[in-house]
Amino acid sequence: MRRSPATPRVRGSQCETSESSLIGRDLSTGWTGCLAPRRTEEEEEEELEETAQEKKLRLAKLYLEQLRQQEEEKAEAQAFEEDQVAGRLKEDVLEQRGRLQKSVAKEIQAPAPADIQVLRGHQLSITCVVITPDDSAIFSAAKDCTIIKWSVESRRKLHVIPRAKKGVEGQPPGHGSHILCMAISSDGKYLASGDRSKLIFIWEAQSCRHLYTFTGHRDAVSGLAFRRGTHQLYSTSHDRSVKVWNVAENSYVETLFGHQDAVAALDALSRECCVTAGGRDGTVRVWKIPEESQLVFYGHQGSIDSIQLINEEHMVSGADDGSVALWGLSKKRPLALQREAHGLRGEPGLEQPFWVSSVAALLNTDLVATGSHSSRVRLWQCGEGFRRLDPLCDIPLVGFINSLKFSTSGDFLVAGVGQEHRLGRWWRIKEARNSVCIIPLRRAPRPPTAGS
């Protein structure tokens with residue numbers, strides 16, 4: 001005789017069931033009816049009406065729904081990560097092509113005069129400054145023929161390379177004439193300095209130990225720059241030439257000619273080329289080293305005394321006609337030209353523009369700084385495509401701003417200030433202090449994005 005399956009009976013809080021029903025429930029749910037937590041009457045009725053197969057199906061659907069939600073969350077996280085990676089890759093591609101322009105200028109807030117740190121140690125006008133790649137130290141050089149290494153954190157001197165006195169034997173190596181330019185390698189290993197005596201000194205940046213002396217220029221060395229990622233050094237001089245050196249091998253490579261007057265400044269980035277400001281010949285030139293060729297650009301009306309690359313395809317220059325120009329390598333004329341960038345000086349009817357004595361650019365961004373003897377450093381924002389130059393703010397500094405350099409992080413700007421222009425003694429500002437000024441660049445907090 002065939003027995004029908006037992007049906008469970010529920011009495012109050014007791015749970016009674018047959019052996020076959022208990023086994024079936026054990027297999028499908030993993031718990032026995034007697035150990036189950038209390039449920040409402042409706043849930044118990046639904047449970048009683050649900051067969052083992054139906055319960056398996058319900059649990060399987062629930063498990064699949066959980067898997068689907070997990071996969072969606074993973075997909076969202078992966079998409080977010082891919083967006084970030086794609087953004088970085090896009091930046092890398094633009095940087096390699098020399099077209100990267102990060103927008104940071106609009107976030108910069110003008111610092112209070114009390115926040116500017118003043119470092120005093122030179123007796124005469126500061127002519128040039130450089131910052132180590134890790135932003136930990138500053139090197140300054142001056143007309144007193146000395147080089148001082150400063151700690152950014154403590155604001156104290158770390159080392160002083162003294163002036164070399166003529167006719168004194170056994171003294172440590174040093175410059176015997178005005179130092180006009182310096183450069184530091186991108187790995188922070190080498191420091192190069194050039195002076196009016198036609199010499200280039202190579203130093204170990206960490207210890208300030210003298211390594212080599214390069215000779216070959218026939219006049220004052222006015223510009224130095226290391227090619228990023230290498231120890232290849234470019235130099236330029238009032239002898240109108242550009243020379244290439246290999247510092248790691250202590251060797252001369254080649255000389256290039258083209259300028260028609262004394263060259264005033266030089267800069268370089270990662271490509272095997274450099275840019276020069278041609279002074280009175282009124283040209284900016286891009287030197288392609290492997291091809292031994294050059295591109296010539298015209299736009300300023302006065303002597304072009306300073307130049308800096310913004311990225312591999314764009315640069316900024318300043319001249320003694322008071323103008324600041326933005327250039328693209330594909331155009332022989334400026335993309336943007338700001339005349340009277342620091343205003344006018346002199347009596348009514350006899351006004352002359354303030355000379356632009358220094359320029360600086362925060363690499364791969366839209367932020368530019370210019371210096372003059374107008375008692376202020378001016379910050380500028382480059383418009384889209386570098387076709388416009390808009391003033392941002394003025395930072396009060398009395399004296400000739402002979403050199404400007406942004407830190408790698410963009411957190412501060414260093415100015416070399418002197419009573420005289422770095423290339424001559426046309427004026428003397430007695431109230432100015434020969435000093436290195438560290439200008440903090442604070443950024444305004446970004447507005448919260450929607451949904452944050």
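Could you state how much accessible area Phe412 has, in square angstrom rounded to the nearest 10, with a 1.4 Å probe and all protein chains kept in place?
20 Å²
If the cut-off is 17 Å between C-alpha atoms, which lysines fall inside it for Lys61, apart from same-chain ones fewer than 8 positions away?
Cα-Cα hits under 17 Å: none found.
In terms of modelled amide H atoms, which long-range or inter-chain residues lie less than 5 Å from the amide H of Tyr212?
Those lying under 5 Å, H to H, from Tyr212 are Ile202.
Using per-residue counts of other Cβ atoms within 10 Å, averaged over each peptide, order 56-67, 283-294 from highest down.
Listed from highest to lowest mean packing, they are 283-294, 56-67.
Quick one: compute the contact order of the range 275-396, relative version, from alpha carbon pairs under 8 angstrom and 6+ residues apart, as a percent.
Working: 317 pairs, mean separation 21.2, N = 122.
Over the range 275-396, the number comes to 17 percent.
Order the following by accessible area, largest value first: Asp321, Asp394. Probe radius 1.4 Å; ligands, DNA and RNA are ignored.
Accessible-area ranking of Asp321, Asp394, largest first: Asp394, Asp321.
Going by Cα centres, the range 158-217 and the range 294-355 are how many Å apart?
The two parts, judged by their Cα centres, are 31 Å apart.
Give the peptides 230-237, 205-212 in descending order of average Cβ contacts within 10 Å, highest first. Before the final figure, lay out the partial values.
On the way: 230-237: 23.2, 205-212: 14.6.
Output ranking for 230-237, 205-212: 230-237, 205-212.
With +1 on the Cβ of every Lys and Arg and -1 on the Cβ of every Asp and Glu, and nothing else charged, how large is the dipole of the range 275-396 about its Cα centre, in debye rounded to the nearest 20?
Details: 12 positive and 15 negative charges, 32 e Å.
The calculated dipole for the range 275-396 is roughly 160 debye.
If DNA, RNA and ligands are ignored and the probe is 1.4 Å, what is the ranking of Thr215, Thr370 by accessible area, most exposed first? Don't skip to the end; give the middle numbers.
Numbers: Thr215 90, Thr370 0 Å².
The ranking, largest first, comes out as Thr215, Thr370.
Would you tally the net charge around Tyr212, using a Cβ to Cβ cut-off of less than 12 Å, leaving Tyr212 out, and scoring K and R as +1, D and E as -1? Mind showing how you got there, number by number?
Working: positive: Arg209; negative: Glu204, Glu249.
Value of the local net charge: -1.
Could you sort Arg218, Arg68, Arg333 by accessible area so the largest value comes first, with the probe set to 1.4 Å?
Numbers: Arg218 195, Arg68 110, Arg333 150 Å².
Sorted descending by solvent-accessible area, the residues read Arg218, Arg333, Arg68.
Above 21 angstrom, tally the Cα pairs of the range 123-196 and express them as a % of all pairs, no decimals.
26 percent
Give me the dipole magnitude in Debye, nearest 20, for the range 190-276 about the Cα centre, with unit charges on the beta carbon: positive for Lys and Arg, negative for Asp and Glu.
Values: 9 positive and 9 negative charges, 12 e Å.
About 60 debye.
Students often check this: by mean Cβ neighbours within 10 Å, which of 405-411, 302-308, 427-433 ranks highest, and how do the rest follow? Could the numbers behind the result be given before it?
Details: 405-411: 17.4, 302-308: 24.4, 427-433: 12.9.
Descending mean neighbour count gives 302-308, 405-411, 427-433.
In the neighborhood of Gln171, defined by Cβ-to-Cβ distances under 14 Å, what is the net charge if each Lys or Arg adds +1 and each Asp or Glu adds -1? Kindly include the intermediate steps, with their values, before the conclusion.
Working: positive: Arg163, Lys165, Lys166; negative: Glu169.
Spelling it out: positives minus negatives among the neighbours equals +2.
How big is the range 275-396 in terms of Cα radius of gyration and Dmax, in angstroms?
Considering the range 275-396 through its Cα atoms, Rg and Dmax are 14.2, 51 Å.
The values are calculated or read from the model by the stated rules, or taken from the named source; none is laboratory data. Quick caveat, the model's predicted, so the values are computed rather than measured. Glycine gets a Cβ as well: all are built from the backbone with ideal geometry, and neighbour counts include every protein chain shown. To get the accessible areas, we keep the full protein, side chains included, count just its heavy atoms, and leave off ligands, DNA and RNA. Shrake-Rupley method; radii C 1.70, N 1.55, O 1.52, S 1.80 Å.
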